[in-house]
Amino acid sequence: MENMGDKGDMDKRIPMLIAGLVVVVFVGMAGAYVLLDPGDASTSISGSQAIGIVMSNPNASEYYSQYFKVPDRRVNATTLVDSSPDGSTSEEGIWKVEIMERTCYCSGVKDLYVIEGYVSASDGEIFEISTGEVSESEYDKKTCSSTSCH
């Protein structure tokens, strides 16, 4: 006969399994987004080039070397925006570059290591770069106001 405790343990594992699958799907979709390079053909600097420009910055490079350790937990994203948080603009737009890595494989909301940069799509000029650790649930809230979504 089946032990009733085993069924209860299984019921507790199902939500964790679902949360894990959601994370895997999210990372896969974000990876595909970056792989397809959402760059606009009318920009002189592509999204991939903008990532390289941000990573060539000494502060971003040092932060990356210190905290980014597991490629499977990493997501790179580029978005063409109208201006940087400091109000800078560029003729062809500005690439918002986000390089993120989860701090662990754990299920649920965890912290992210984040490198965020703003690069001119016209000439590759860096307008702003920031680094830090932030909760996944807070990350979009903190950057949303800087990307004119409110």
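The values are calculated or read from the model by the stated rules, or taken from the named source; none is laboratory data. Small disclaimer: the values here were computed from a predicted structure and weren't measured. No Cβ is skipped: glycine too gets one built from the backbone with ideal geometry, and neighbour counts run over all protein chains shown. Only protein heavy atoms, including side chains, enter the accessible area calculation; ligands, DNA and RNA are left aside. Shrake-Rupley method; radii C 1.70, N 1.55, O 1.52, S 1.80 Å.
Ranked by the mean number of other Cβ atoms within 10 Å per residue, highest first, peptides 92-98, 48-54 order as 92-98, 48-54. For residue 121, enumerate residues with amide H under 5 Å from its amide H, sequence gap 5+ or separate chain, H modeled in the peptide plane. Those lying under 5 Å, H to H, from residue 121 are 92, 93, 94, 95. Taking 0.36 nm per residue of separation and subtracting the current Cα-Cα distance, fully stretching the chain between residue 106 and residue 125 would add 3.1 nm. Here the spin labels are modelled as points 7 Å beyond Cα on the Cα-Cβ line, and at residue 92 and residue 66 they lie 3.3 nm apart. Largest to smallest in accessible area, the residues 78, 89 fall in the order 89, 78 (1.4 Å probe, all protein chains included).
Using the average count of surrounding beta-carbon atoms within 10 Å as a protection proxy, the listed peptides 56-69, 102-115 rank, highest first, as 102-115, 56-69.
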